[in-house]
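**Student:** If you scroll down you'll find the structure; I have some questions about it.
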Amino acid sequence: MVTTTISLPSLQKLASGKVRDLFALPDPDTLLFVASDRLSAFESRGASVVMKNGIPNKGAILTLASAHWFAVLAERIPGLRTHFLSLELPAGLGADEARAVRNRSMQVRKLQVLKIEAIVRGYLTGSAWNEYQARGTVHGIAMPAGLQLSQRFPGGAIYTPSTKAEMGAHDENIHPDEAWKELGDEETARRVQELSLQIYEVAAAYAEERGIIIADTKFEFAKDADDNIYLVDEVLTPDSSRFWPKDSYEPGREQDSFDKQFVRNWLIKEGLKGKEGVEVPADICKATEDRYKEVFRLLTGKAFEDASGT
């Protein structure tokens, strides 16, 4: 079964994004964060394109993977704050509502989200590779000559933020030194950059022990009323990261992956990049689901079916 629309009549819907819907809860400091099975890829007229159909179990995989990572990171990074509170369903949901959001929802703290996409890249791939080929830079940062596709950055992971545009607008890559303009002050920009790199390094080491390379990933952060910074949204999922199998990694070529790149490659091959109204064939959806489940198993040590109780 694929869930692309989330209906919770007993709760007020506050926002609906490419994949997630956000609902108000009786506690004014808490929100319900629900992941659908919707699939987005590439952009059209400056906004991400959402496919007509979704990936089975995708929302549950993303939610349970994020919950796992929140626990891992909190254990390994003393003092790290996250918005995650619980996977428990809120009281008062009807039976149909509870079935609709079980395993795909989390209760989270209500915070002020920072207007930046905190991207960390450990390897030269994707749009970073395209920029490097054209100008020898990544997000405006000068890179050594002679780097190969998929090569690990010789100086270690780099922070390459982008703007966080409003719905329907286009995120823009920016130089790290320009991030403070989006965040309002240099101190917040510095803290976000340091946290992003620290989280990536800890997660990358954890993943490598389990046979997975995190080539790059995207984090989001928020603040509370006391100016504390929290890691929010999904974290280190196949939707927000590039995951490569370590045992077949070889620089100089495209890598096999356990993430959304599989769908992107199909769209490119079929000449559908950036096209709206695309229905992804069942075999591509199933292969994508299988990849998401496999990387979930490798990273968490549990089969998705066991973790979700389905």
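The values are calculated or read from the model by the stated rules, or taken from the named source; none is laboratory data. Computed from a predicted structure; not experimentally measured. Cβ placement follows ideal geometry from the backbone for every residue including glycine, while neighbour counts extend to all protein chains displayed. Quick note on the areas: whole protein, heavy atoms, side chains included, nothing else; ligands and nucleic acids left out. Shrake-Rupley method; radii C 1.70, N 1.55, O 1.52, S 1.80 Å.
**Student:** Mind scanning K218/K275; K18/K273; K58/K302 and naming the pairs with a C-alpha gap bigger than 21 Å?
**Tutor:** The pairs that break the limit, which is 21 Å between Cα atoms, are K218/K275.
**Student:** Over the alpha-carbon set of the chain, divide Rg by the Kirkwood Rh and report the Rg/Rh ratio to two decimals.
**Tutor:** Rg/Rh: 0.94.
**Student:** Any chance you could run the full-extension gain for D227 through K286? It's 0.36 nm times the residue separation minus the Cα-Cα distance, nm to one decimal.
**Tutor:** Extending this stretch completely gives an extra 16.9 nm.
**Student:** Considering the chain as a Gaussian network with a 10 Å cut-off on Cα pairs, which listed residue, A282, A67, A91, attains the greatest mean-square fluctuation?
**Tutor:** Among A282, A67, A91, the largest mean-square fluctuation in the Gaussian network model of the chain belongs to A91.
**Student:** Of the residues E172, E75, E234, which exhibits the maximal mean-square fluctuation in a Gaussian network model of the chain defined by a 10 Å Cα contact cut-off?
**Tutor:** Residue with maximal mean-square fluctuation among E172, E75, E234: E75.
**Student:** Suppose we keep just the alpha-carbon trace of the range 152-295; what are its Rg and Dmax in angstrom?
**Tutor:** Values for the range 152-295 (Cα only, Rg and Dmax): 17.3, 50 Å.
**Student:** What accessible area per residue comes out for the range 189-310, rounded to a whole number of Å², with a 1.4 Å probe?
**Tutor:** Accessible area per residue, the range 189-310: 44 Å².
**Student:** Distance between the C-alpha centers of the range 243-308 and the range 102-151? Whole Å please.
**Tutor:** Centre-to-centre (Cα) distance: 18 Å.
**Student:** Non-local amide H neighbours of T82 (under 5 Å, H modeled in plane, Pro and chain starts lacking H): which ones?
**Tutor:** Close amide H contacts, sequence-distant or interchain: L231.
**Student:** Please list, or write none, the aspartates and glutamates whose alpha carbon is within less than 19 Å of the alpha carbon of K223, excluding same-chain residues fewer than 8 places away.
**Tutor:** Leaving aside aspartates and glutamates fewer than 8 places away in the same chain, those within reach of K223 are D27, D29, E117, E166, E182, D185, E186, E187, E194, D233, E234.
**Student:** With the other protein chains left in place, how much accessible area per residue, in square angstrom, belongs to the range 1-110 at a 1.4 angstrom probe?
**Tutor:** 45 Å²
**Student:** Under the Karplus relation 6.51 cos²θ - 1.76 cosθ + 1.60, θ = phi - 60°, what is the ordered set of whole-Hz ³J(HN,Hα) values for the range 116-125, x standing for Gly and Pro?
**Tutor:** Result, ordered by residue: 7, 9, 8, 9, 10, 10, x, 9, 8, 7 Hz.
**Student:** Taking springs between alpha-carbon atoms closer than 10 angstrom, which of F153, F33, F219 fluctuates most in the Gaussian network model of the chain?
**Tutor:** Ranking F153, F33, F219 by mean-square fluctuation puts F153 first.
**Student:** Here's another thing I want to ask about it. From the square roots a ≥ b ≥ c of the eigenvalues of the alpha-carbon gyration tensor of the range 1-110, which class results: rounded (a/c under 1.5), prolate (a/b over b/c), or oblate?
**Tutor:** oblate
**Student:** Also, quick follow-up: With labels modelled as points extended 7 Å from the Cα through the Cβ direction, what inter-label distance (nm, one decimal) is found for A145 paired with Q133?
**Tutor:** Modelled inter-label distance: 1.9 nm.
**Student:** Could you tell me which of rounded, prolate or oblate describes the range 209-286, using a ≥ b ≥ c as the square roots of the eigenvalues of the alpha-carbon gyration tensor, with rounded for a/c under 1.5 and, failing that, prolate when a/b is larger than b/c and oblate otherwise?
**Tutor:** oblate
**Student:** With n ≥ 4 as the cut-off for DSSP H runs, can you work out [θ] at 222 nm for the chain, using -39500 (n - 2.57) per run divided by the number of residues, rounded to the nearest 500?
**Tutor:** The per-residue figure over the chain is -10000 deg cm²/dmol.
**Student:** Also: For the chain, with all protein chains present and a 1.4 Å probe, just round the carbon and sulfur fraction of the accessible area to a whole percent.
**Tutor:** Carbon with sulfur: 48 percent of the solvent-accessible area.
**Student:** Still on this structure, please answer the following. Label the range 241-309 by shape, choosing from rounded, prolate and oblate, from the square roots a ≥ b ≥ c of the eigenvalues of the Cα gyration tensor; if a/c is under 1.5 it is rounded, and otherwise prolate applies when a/b is larger than b/c, oblate when it is not.
**Tutor:** oblate
**Student:** Please compute the alpha carbon radius of gyration of the range 64-103, then divide it by the globular-protein estimate 2.2 N^0.38 Å. Two decimals is fine.
**Tutor:** Rg over 2.2 N^0.38 Å, computed on Cα atoms: 1.49.
**Student:** Starting from the amide H of V280, placed 1.01 Å from N in the peptide plane, find each other amide H under 5 Å away whose residue is 5 or more places distant or on another chain.
**Tutor:** K52, N53
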